[in-house]
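The values are calculated or read from the model by the stated rules, or taken from the named source; none is laboratory data. Computed from a prediction, not measured in an experiment: that's the story for all the values here. Cβ atoms come from the backbone with ideal geometry, glycine included; neighbour counts cover every protein chain shown.
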Amino acid sequence: MLSKIIDGKKIAKNIIHNIKNKVHNIIKKGHRPPGLAVIWVGKNKSSQLYIQKKQIACNKVGYIFKTWHFQEGTDIFKIIKLIKILNKDKNYDGILIQLPLPKYIEANQIIESIHPKKDVDGFHPYNIGCLVQKIPKLRPCTPKGIITLLEKYNINLKGLNTTVIGASNIVGRPMALELLLSGCTTTITHRFTKNLKEHIKKSDLIVIGIGKPNFLHQKNIKNGTIIIDVGINTLPNEKKIVGDVDFYSVYPKVSYITPVPGGVGPMTVASLLENTLEAYEKKHQYED
Ligand code: NAD
């Protein structure tokens with residue numbers, strides 16, 4: 001029997017390998033490699049770890065990679081000033097603000113100051129609006145990575161009943177838009193949803209990203225469900241990372257499932273590299 005486990009690590013590795021070859025050819029032709037600028041504020045430990053992962057991936061494929069770090073309390077206009085400089089800097093095709101930002105900063109104000117064509121996280125209202133209007137440009141990395149995974153496993157999404165659990169700007173909302181674009185009948189649920197179990201029970205595909213370990217278990221799902229687990233949770237007293245799904249309980253009932261780690265996480269980084277290359281290849285003239 002074929003494995004039911006969707007191997008995000010392997011697929012991400014292939015994507016990164018292909019990008020590396022493309023960058024090699026770009027440099028061979030005498031052009032500069034794609035460049036990614038990362039800005040972060042404060043001392044969030046997870047942010048540091050995620051930036052490190054992005055740096056390792058960028059180094060692997062040969063991108064220019066640079067970080068700018070601001071202390072917590074830095075005036076927001078100082079950060080926006082840097083973004084405006086980077087918007088015009090021809091060495092950087094992508095600009096990324098590492099989230100979460102400290103509470104005193106209005107994330108939208110920062111994100112909106114990034115030029116949409118350099119918005120490789122895909123969070124700018126312009127890029128989200130394009131996704132809404134079925135003309136995707138730079139797409140949010142985690143949902144894009146999930147669609148890539150489903151495509152690589154030849155899962156036909158047309159007409160599937162799907163439930164997205166979690167409705168954040170970075171996971172749930174853009175995920176629902178991606179699924180809609182792929183022809184699914186999609187329900188978005190969140191902390192105020194009253195009849196979550198009923199939505200889950202009739203779903204062919206569930207994408208969950210809420211940050212609650214073991215939230216989804218076998219009692220509520222139907223046989224043959226596809227489960228995509230976006231959650232990343234560190235269990236107290238253990239260094240182990242787990243998702244939002246009670247993996248071993250649901251496993252006998254699913255047709256496919258992503259593990260944590262090794263499922264969605266590596267695809268988020270791979271999609272970021274894809275977006276940066278896409279921004280590079282478009283070779284736009286950047287203007288304010
Ligand atoms: P968030 O806190 O911004 O949003 C959580 C969402 O879950 C909200 O919409 C909330 O309404 C919903 N929610 C909370 N409790 C719920 C409940 N009981 N029932 C239904 N919905 C509920 O979080 P986020 O930034 O979207 O991240 C969610 C999870 O995904 C976290 O574990 C995060 O670490 C992980 N994540 C993983 C990746 C990846 O690449 N694998 C990327 C981004 C986020």
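Structure data summary
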{"read-out": "Cβ pairs under 8 Å, 6+ apart, first in segment 211-240 and over 16 Å from H190 (Cα atoms), second modelled with pLDDT under 95 and away from the ligand (no atom under 12 Å from the Cβ)", "value": "T234/K240"}
{"read-out": "Condition broken by V164, with the remaining ones in (1) free of Cβ contacts under 8 Å to residues at least 24 places away in the same chain; (2) within 16 Å of the ligand (Cβ to nearest atom) satisfied", "value": "(1)"}
{"read-out": "When residues of segment 75-130 are limited to those that are among the β-branched types (V, I, T) and over 21 Å from A279 (Cα atoms), the one nearest to the ligand (Cβ to nearest atom)", "value": "I105"}
{"read-out": "Residue among I83, I79, I95, I64 that is within 22 Å of the chain's Cα centre (by Cα) and farther than 22 Å from R139 by Cβ", "value": "I64"}
{"read-out": "Those residues of segment 202-259 which are at pLDDT 95 or above and either among the charged types (D, E, K, R) or touching a His at 6+ places or on another chain (Cβ under 6 Å) (or both), in sequence order", "value": "K202, D204, K212, K222, D229, D244, D246, S249, K253"}
{"read-out": "Given (1) in contact (Cβ under 8 Å) with a residue 60 or more places away in the chain; (2) crowded, with 19+ Cβ neighbours inside 10 Å; (3) away from the ligand (no atom under 15 Å from the Cβ); (4) of a type outside the set (K, R), index of the condition L149 fails", "value": "(3)"}
{"read-out": "Condition check for W68: within 16 Å of the ligand (Cβ to nearest atom) and under 23 Å from A279 (Cβ atoms)", "value": "no"}
{"read-out": "Number of the condition not met by G243 [criteria: (1) within 30 Å of K20 (Cβ to Cβ); (2) of a type in the set (G, A, S); (3) more than 16 Å from the ligand (Cβ to nearest atom)]", "value": "(3)"}
{"read-out": "Filter pass, V120 being within 30 Å of I85 (Cβ to Cβ) and in contact with a strand residue (DSSP E or B) (Cβ under 6 Å, 6 or more places away or on another chain)", "value": "yes"}
{"read-out": "So I210, is it farther than 30 Å from L86 by Cβ and either surrounded by 18 or more Cβ atoms within 10 Å (Cβ to Cβ) or within 15 Å of the ligand (Cβ to nearest atom) (or both)", "value": "yes"}
{"read-out": "Answer from L36, L49 - the residue that is under 17 Å from the mean Cα position of the chain (by Cα) and in a strand (DSSP E or B)", "value": "L36"}
{"read-out": "Criterion: farther than 30 Å from K28 by Cα and either touching a strand residue (DSSP E or B) at 6+ places or on another chain (Cβ under 6 Å) or modelled with pLDDT under 95 (or both) - qualifying residue of W68, W40", "value": "W40"}
{"read-out": "Long-range neighbours under 6 Å by Cβ, at least six apart or interchain, first residue buried (at least 19 other Cβ atoms within 10 Å of the Cβ) within segment 114-137, second of a type in the set (D, E, K, R) and not in a helix (DSSP H, G or I)", "value": "G122/R139; N127/D119; N127/K137"}
{"read-out": "Residue that is buried (at least 20 other Cβ atoms within 10 Å of the Cβ) and either of a type outside the set (G, A, S) or out of contact with any strand residue (DSSP E or B) (no Cβ under 9 Å at 6 or more places or on another chain) (or both), where the choices are A270, A279", "value": "A270"}
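Here is a yes/no grid of residues against (1) buried (at least 24 other Cβ atoms within 10 Å of the Cβ); (2) more than 8 Å from the ligand (Cβ to nearest atom):
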residue: N214; (1), (2): no, yes
residue: H217; (1), (2): no, yes
residue: K222; (1), (2): no, yes
residue: E238; (1), (2): no, yes
residue: P252; (1), (2): no, yes
residue: T258; (1), (2): yes, yes
residue: V264; (1), (2): yes, no
